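Engineer: So that we are looking at the same thing, I have put the structure below in structure tokens.
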Amino acid sequence: MGKLVVGTTIVCTAAICGVAILLMKHHKKNSSKWEKAMDILKEFEEKCATPIGKLRQVADAMTVEMHAGLASQGGSKLKMLISYVDNLPTGDEQGLFYALDLGGTNFRVMRVQLGGKEKRIVKHEVKEVSHTTHTKNIMAGSSSDALFDFIVTALAKFVATEGDDFHLPPGRQRELGFTFSFPVKQMSIASGTLIKWTKGFSIEDAVGKDVVGELIKAVERVGLDVRVAALVNDTVGTLAGGRYNNPDVIAAVILGTGTNAAYVERAHGIPKWHGLLPKSGEMVINMEWGNFCSSHLPVTEYDQSLDVDSLNPGEQIYEKLISGMYLGEILRRVLYRMADEASLFGDYVPPKLKTPFILRTPDMAAMHHDNSADLKVVGDKLKDIFEVPNSTLKMRKIIVELCDIITFRGARLSAVGIMGILKKLGRDTLKDGEKQRSVVAVDGALFEHYIEFRNCLEGTIKELLGEAADSIVIEQANDGSGVGAALLAASHSQYLGLEES
Ligand code: BGC
């Protein structure tokens, strides 16, 4: 009997000890898991840091590269492309004009009835086609013909729905502005060759071809009667649309799927090699700032691997730190490492976490903007996107911190780009007695919908400019690029100077 009691006691004690050891191991594993996750987070935060001194170095580098890109073709990573837009809209534009707007996320067709100084935009209709599986297949490597046929088919359908509110004088051809949001070397206002694709497009046989020539061939294939009056980058279109509404607009920035800026350069800022003497003393330059690169940029191992795995390695480095196409993917990469090395989501890496670009930036913004006490939106997104059923509050908080780090870096670097332009134009300081207002028109879903990004960008501009910030206005330009292209079609119309009959 005594032996039985002793034996039972030993077994029980051993069991209790076993459980205790297991619990301790679990606790240790758990706490080392969090420690490891926090180490990864801290290291990432340090590498992404953008103290004001670094930002100033990046702004200086941007200004230097702008000079170099203007001075000689290929002289810089910044292409500084001549847009052939030397007369921005004045408000006098009249008539019916169409625009095509091919961007990274959407393709839009629109028509605008312009009524001159008095009536301004009389009527405006837009048809938006977001890139569905069909267009994504076209984007990801079909043929130039397939892309332009797709564009022109949508245009033809849209022209067919033109109502009586729009007025084309008899005997006249419809004219359009084509917003093409990729780097193009222009030969004139209505011609230019595609330098390369960005933002996940890769239709190889289009590179090096005249974009307008390809569009016209497709127009002829469907038997449509339209004239392409202007070919513009989306930044140039936004600048034109911005100037139409506000004469103080001097630059435009796109913060969307991709990023870029255009600004108004004074004629003496453009060297002779371009063989151009703009009539107005001004010329709009498409910077293609997405391709900017500098040793001062805070680039991490995650950015490097994203770049290596991308369709355009070594290119668009600034864009890959800033724009909507990449922010969610950077977050996914950091989370993947945390899942793999710190078992953030338990003993296995959720398989969906391995899929590149599965986490879109709008979903990241939704998590970042989650104000609920239990971060419910973060939990829901983890479940929906990565199939992580039960996330803890601790995990969710880490994700919000990562959103902060990534977005803060992107927004601060975008602000620096704007600062670089202002410096180049000598508008970054207050001149004695002079109060020159400079308005920068900004468009793109990242700026429009990612509130944390936008707030941080605006705050950083103030931080960089100090008291000069009072004379700089960052203005949201809604859908300016399409209207801008239509306005530029109007100012390059073949009927210019003829009365509307
Ligand atoms: C393109 C630019 C464009 C920008 C914003 C970049 O990827 O290279 O031409 O303006 O995206 O859409």
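Every number here is computed from the coordinates shown, using simple stated rules; none is lab data. In this text the structure is predicted, and so the values were computed from the model without any measurement. As a convention, Cβ positions derive from the backbone with ideal geometry for all residues, glycine included, and neighbour counts pool all protein chains shown.
Engineer: Excluding Gln494 itself, what net charge comes from residues whose Cβ is under 12 Å from its Cβ, given Lys and Arg +1 and Asp and Glu -1?
Structural biologist: Computed value for this residue: +2.
Engineer: Okay, moving on. What's the lysine pair count for segment 242-399 at a Cα cut-off below 25 Å, pairs eight or more apart or interchain?
Structural biologist: Pairs that pass both the separation and distance tests number 20.
Engineer: May I pose another question? Quote the convex hull volume per residue of segment 444-494, based on C-alpha atoms, as a whole number of Å³. Numbers along the way, then the final one.
Structural biologist: Values: hull volume 4.5 nm³, N = 51.
It comes to 87 Å³ per residue, whole-number rounded.
Engineer: Let me ask something else about it. Please compute the Kirkwood hydrodynamic radius over segment 351-489, one decimal place, Å, based on all pairs of different Cα atoms. Please report the intermediate quantities before stating the final value.
Structural biologist: Details: mean 1/r = 0.0573 Å⁻¹.
Radius from the Kirkwood sum: 17.5 Å.
Engineer: Long-range amide H contacts for Leu255: which residues qualify at under 5 Å (H placed 1.01 Å from N, peptide plane, sequence gap of 5 or more or a different chain)?
Structural biologist: Answer set, sorted by chain and number: Asp443, Gly444, Phe447.
Engineer: To the nearest 20 Debye, how big is the dipole of segment 167-229 about its Cα centre, given +1 on the beta carbon of each Lys and Arg and -1 on that of each Asp and Glu? Walk me through the intermediate numbers first.
Structural biologist: On the way: 9 positive and 7 negative charges, 27 e Å.
For segment 167-229, the charge dipole is close to 140 debye.
Engineer: A further question follows. Please say if segment 170-301 is rounded, prolate or oblate, where rounded means a/c under 1.5 for a ≥ b ≥ c the square roots of the C-alpha gyration tensor eigenvalues, and otherwise the choice is prolate for a/b larger than b/c and oblate otherwise? Walk me through the numbers before you get to the answer.
Structural biologist: Numbers: a/c = 1.77, a/b = 1.24, b/c = 1.43.
Taking the square roots of the gyration eigenvalues as a ≥ b ≥ c, segment 170-301 is oblate.
Engineer: At 222 nm, what helix-only mean residue ellipticity would the chain give, in deg cm²/dmol to the nearest 500, using -39500 (n - 2.57) for each DSSP H run of four or more?
Structural biologist: Rounded to the nearest 500, it is -15000 deg cm²/dmol.
Engineer: Within straight cross-link reach of Lys431, meaning Cα distance under 18 Å, which lysines are found once same-chain residues fewer than 8 apart are removed?
Structural biologist: Within the straight-line cut-off, Lys431 pairs with Lys423, Lys462.
Engineer: For the chain, what is the percent of antiparallel DSSP beta bridges, rounded to the nearest 5? Could the numbers behind the result be given before it?
Structural biologist: Values: 35 of 56 bridges.
Counting only bridges with both partners in the chain, antiparallel ones make up about 60 percent.
Engineer: May I ask you to derive the relative contact order of the chain, considering only C-alpha pairs under 8 Å and at least 6 residues apart, and to give it as an integer percent? Don't jump to the answer; show the numbers that get you there.
Structural biologist: On the way: 887 pairs, mean separation 103.7, N = 501.
Value for the chain: 21 percent.
Engineer: From the Cα trace of segment 267-396, what convex hull volume per residue do you get, rounded to a whole Å³? Write out the running numbers ahead of the final one.
Structural biologist: Values: hull volume 21.3 nm³, N = 130.
That works out to 164 Å³ per residue.
Engineer: At most 13 other Cβ atoms within 10 Å and a DSSP loop assignment: could you name the GluC sites (Glu not before Pro) in segment 99-194 that fit? Present the calculation step by step, with values, prior to reporting the outcome.
Structural biologist: On the way: sites: Glu118, Glu125, Glu128, Glu162, Glu175; in loops: Glu162.
Here no loop site has a sparse enough neighbourhood.
Engineer: Taking the simple approach of a point 7 Å from Cα along Cα-to-Cβ for both Lys209 and Asn137, what is their distance in nm?
Structural biologist: For Lys209 paired with Asn137, the spin-label model returns 1.9 nm.
Engineer: Given 25 °C and 0.890 mPa s, compute D for the chain with the Stokes-Einstein relation, Rh being the Kirkwood radius over Cα pairs; round to the nearest whole µm²/s. Working shown, then result.
Structural biologist: Details: Rh = 24.8 Å.
After rounding, the answer is 99 µm²/s.
Engineer: Beta carbons within 10 angstrom, averaged per residue: use that to sort the peptides 92-102, 317-327, highest first.
Structural biologist: Working: 92-102: 23.2, 317-327: 25.5.
Put in order of decreasing packing, that is 317-327, 92-102.
Engineer: For segment 315-328, what does the Karplus curve 6.51 cos²θ - 1.76 cosθ + 1.60, with θ = phi - 60°, yield as ³J(HN,Hα) per residue in whole Hz, taken in order and with x for Gly and Pro?
Structural biologist: 10, 6, 5, 5, 4, 6, 8, 10, 8, x, 5, 10, 4, x
Engineer: In whole Å, how far is the Cα centre of segment 32-53 from that of segment 368-428?
Structural biologist: 14
Engineer: Amide H neighbours of Thr179 under 5 Å, counting only residues 5+ apart in sequence or on other chains, H built in-plane at 1.01 Å?
Structural biologist: Leu100, Asp101, Leu102, Val232
Engineer: Work out from phi, with θ = phi - 60° and the Karplus expression 6.51 cos²θ - 1.76 cosθ + 1.60, the ³J(HN,Hα) of each residue of segment 297-304, listed in order in whole Hz, and give x for Gly and Pro.
Structural biologist: For segment 297-304, the Karplus-derived couplings read 5, x, 9, 9, 4, 5, 5, 5 Hz, x marking Gly and Pro.
Engineer: Run through all the Cα pairs of segment 319-426 and give the fraction in each 10 Å bin from 0, expressed as whole percent.
Structural biologist: Bins of 10 Å from zero give 14, 45, 26, 10, 5, 1 percent of pairs.
Engineer: Let me ask you something else. Net charge within 10 Å of Thr238 by Cβ-Cβ distance, Lys/Arg positive one each and Asp/Glu negative one each, not counting Thr238 itself? Present the calculation step by step, with values, prior to reporting the outcome.
Structural biologist: Values: positive: Arg243; negative: Asp234, Asp443, Asp479.
Local net charge: -2.
Engineer: Search the structure for amide H atoms under 5 Å from the amide H of Lys123, placed 1.01 Å from N in the peptide plane, and list their residues when 5 or more places away or on another chain.
Structural biologist: Gln113
Engineer: Let me ask something else about it. To the nearest Å, what is the center-to-center distance of segment 146-180 and segment 218-250, using C-alpha atoms only?
Structural biologist: Using only Cα atoms, the two centres lie 13 Å from each other.
Engineer: Follow-up question, since we're still on this one. Under the Karplus relation 6.51 cos²θ - 1.76 cosθ + 1.60, θ = phi - 60°, what is the ordered set of whole-Hz ³J(HN,Hα) values for segment 187-197, x standing for Gly and Pro?
Structural biologist: For segment 187-197, the Karplus curve yields 9, 7, 5, 10, 7, x, 9, 6, 7, 6, 8 Hz.
Engineer: More than 16 angstrom separation, counting every C-alpha pair in segment 75-121; what % is that?
Structural biologist: Working: 691 of 1081 pairs.
Cα-Cα pairs of segment 75-121 separated by over 16 Å account for 64 percent.
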